[in-house]
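The values are calculated or read from the model by the stated rules, or taken from the named source; none is laboratory data. On a predicted model such as this, the values are computed, not experimentally measured, just so you know. Backbone-built Cβ (ideal geometry, glycine too); neighbour counts: all protein chains shown.
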Amino acid sequence: MNFTTFLVELSRALVSNNGNRVAYLLSATGPGAQELLKDLKETTRLGLLKYQNVVESPWDEVGIAHVQVIVRISEGNFVDAYTEQATMAKAFERAFISLQAWVLPALFMVLKDLRDLAEKADDSRFQQGQGSDSPSLEDAARICNKAFTDCVMDRTVGDESRKWGIYHVVGLIFKCYFSVNKIALSRNIIRALSANKDIPPIQEYPRSDQVTFKYYVGMLSFLNERYDESEQELTFAFDVCHRGATRNQELILNYLIPLQLMRGKLPSPGLLQLFPRLEELYTPFLKAIRSGNVTEYDAALDWAEPRLVEMGVYLAVEKARELCMRGLFRKVWKLLNKDSRIQIEQFHKAFRLLGQDMPMEETECLLANMIFKGYIKGYISHERQTVVLAKGDAAFPKINGIKRA
């Protein structure tokens, strides 16, 4: 396909409101790009200026910039490829504000390529020793933000509204923000969504957009230690996620499993078998929780620390150690026939049997902390060095009823 044919095809797709065809033609890496690159006779921007006004502006600018993008990609020059893709995206957005929902597939393709090229451009700068900043991803986030505004501000109603592109674009913005560690900016997007009451409910959007949005909102809540909100959002994302999208499911479970561990809900063996990497990571913790062996739990924390830190869940898994400790205290209580009065020394002996060398005062402190947090119902008589527990099974309330700190 030569450039003239490309422009004719683009014009036809625009006239017929064929957004999927426009997306195919403007893909930076798809088969359409390869067809065009193969038959290009002129590749310089200066040489392509003669095609200005062959199609309605700004689509001539879009086409010329698209050629520059695919040429720079073929050369392995991702920095310049991103610059040209940004030029194309801005020209595309000038046309986008006067169009309707049919063009959304093309918008999604342009912005996805923009983000992908931004990541490669920043990686290329880093490899060349030009710093570890991410100027291209930050710029891509600004361009995506403009598209978000163009979608939100559309006053068209019904199926033709650009509002149906909102959550897809938001997902791309979140990916940019999380990649450049400017996560706090995500709150501006969430506030904008909350302030616009005429946006359709998220349940009416494609499942993929729902999953992406809920995942990032859940991540944001997780990082701010709003664990109940995070679990709710991530559970929604996991339940709605396509069963075949195992990589996305695993990303969600990276955070959902620690959240549920803190609430005493252990993942089933059947679930973990579907995700071997998570099974390898969490099996030692689950084994320690079920046996109440805090020494094994500590050993698992040491072993898994690098990966847990990399995933950003180390603190959450460390907090779940309290569940293991509760199991140890409960085991002592059961061995003593569920007595309501137990000497602190008995719990201290349990720690020593597991190789936990600590003074009696630390054992008392740990028991007091478990009572304070609701894992154990009772009180401590310091003078008599005795734990006075509630009668029967009420001594160890169900974990589901305990509020996570």
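Does D123 satisfy the criteria of being in a loop (DSSP other than H, G, I, E, B) and either over 23 Å from N224 (Cβ atoms) or not assigned by TED's automatic domain parsing to the domain that holds L99 (or both)? Steps first, answer last, please.
Numbers: in a loop (DSSP other than H, G, I, E, B): no; either over 23 Å from N224 (Cβ atoms) or not assigned by TED's automatic domain parsing to the domain that holds L99 (or both): yes.
Against the criterion (in a loop (DSSP other than H, G, I, E, B) and either over 23 Å from N224 (Cβ atoms) or not assigned by TED's automatic domain parsing to the domain that holds L99 (or both)), D123 does not qualify.
Considering only the range 127-149, state which residues are part of a loop (DSSP other than H, G, I, E, B) and charged (D, E, K, R). Before the answer, list the steps.
Filtering the range 127-149 for residues part of a loop (DSSP other than H, G, I, E, B) gives 128-134.
Residue satisfying the conditions is D133 alone.
Only one of R330, R263, R290 is touching a Lys or Arg at 6+ places or on another chain (Cβ under 9 Å) and touching a residue at least 12 places away in the same chain (Cβ under 8 Å). Can you tell me which?
Values: R330 fails: touching a Lys or Arg at 6+ places or on another chain (Cβ under 9 Å); R290 fails: touching a Lys or Arg at 6+ places or on another chain (Cβ under 9 Å).
It is R263.
Being crowded, with 20+ Cβ neighbours inside 10 Å and acidic (D, E) is the filter here, so list the residues in the range 72-92 that pass it.
The one that is crowded, with 20+ Cβ neighbours inside 10 Å and acidic (D, E): E84.
Does any residue in the range 203-229 that is of a type in the set (D, E) come within less than 7 Å, Cβ to Cβ, of a residue that is modelled with pLDDT under 95 six or more places away or on a different chain, and which pairs are these?
The qualifying pairs are D228/R404; E229/S221.
Identify the single condition in (1) at pLDDT below 90; (2) surrounded by 13 or more Cβ atoms within 10 Å (Cβ to Cβ) that K398 does not satisfy, given that it satisfies every other one.
(2)
Can you list the helices (runs of 4 or more DSSP H) found entirely within the range 1-71 that contain at least 3 residues being in the same structural domain as L114 (by TED's automatic domain parsing), touching a residue at least 24 places away in the same chain (Cβ under 8 Å) and crowded, with 18+ Cβ neighbours inside 10 Å? Before the answer, list the steps.
Values: elements: 3-15, 19-26, 31-39, 45-48.
Where helices (runs of 4 or more DSSP H) fall fully within the range 1-71 and carry at least 3 residues being in the same structural domain as L114 (by TED's automatic domain parsing), touching a residue at least 24 places away in the same chain (Cβ under 8 Å) and crowded, with 18+ Cβ neighbours inside 10 Å, they are 3-15, 19-26, 31-39.
Just name the residue that is farthest from the chain's Cα centre (by Cα) out of those in the range 19-50 that are among the hydrophobic types (A, V, I, L, M, F, W, C) and under 17 Å from N77 (Cβ atoms).
Step one: of the range 19-50, the residues among the hydrophobic types (A, V, I, L, M, F, W, C) are 22-23, 25-26, 28, 33, 36-37, 40, 46, 48-49.
Of the ones still in play, those that are also under 17 Å from N77 (Cβ atoms) are 28, 33, 37, 40.
Working: A28: 25, A33: 30, L37: 35, L40: 40 Å.
The selected residue is L40.
Applying the selection to the range 163-184, what residues are surrounded by 20 or more Cβ atoms within 10 Å (Cβ to Cβ) and either aromatic (F, W, Y) or farther than 26 Å from E119 by Cβ (or both)?
Listed by number, the residues that qualify are K163, W164, Y167, F174, Y177.
Quick check on the range 287-303. Is at least one of its residues surrounded by 20 or more Cβ atoms within 10 Å (Cβ to Cβ) and either under 27 Å from F178 (Cα atoms) or of a type in the set (D, E, K, R) (or both)?
No, because not a single residue in the range 287-303 is surrounded by 20 or more Cβ atoms within 10 Å (Cβ to Cβ) and either under 27 Å from F178 (Cα atoms) or of a type in the set (D, E, K, R) (or both).
For the range 201-245, how many residues meet the condition of being outside any helix (DSSP H, G or I) and of a type in the set (A, V, I, L, M)?
Here is the first cut: in the range 201-245, the ones outside any helix (DSSP H, G or I) are 201, 205-206, 224-226, 241-245.
Now narrow it down to the ones that are of a type in the set (A, V, I, L, M): 245.
Qualifying residue count, the range 201-245: 1.
Of the conditions (1) surrounded by fewer than 21 Cβ atoms within 10 Å (Cβ to Cβ); (2) assigned to a helix (DSSP H, G or I), A106 satisfies every one except a single condition; which number is it?
(1)
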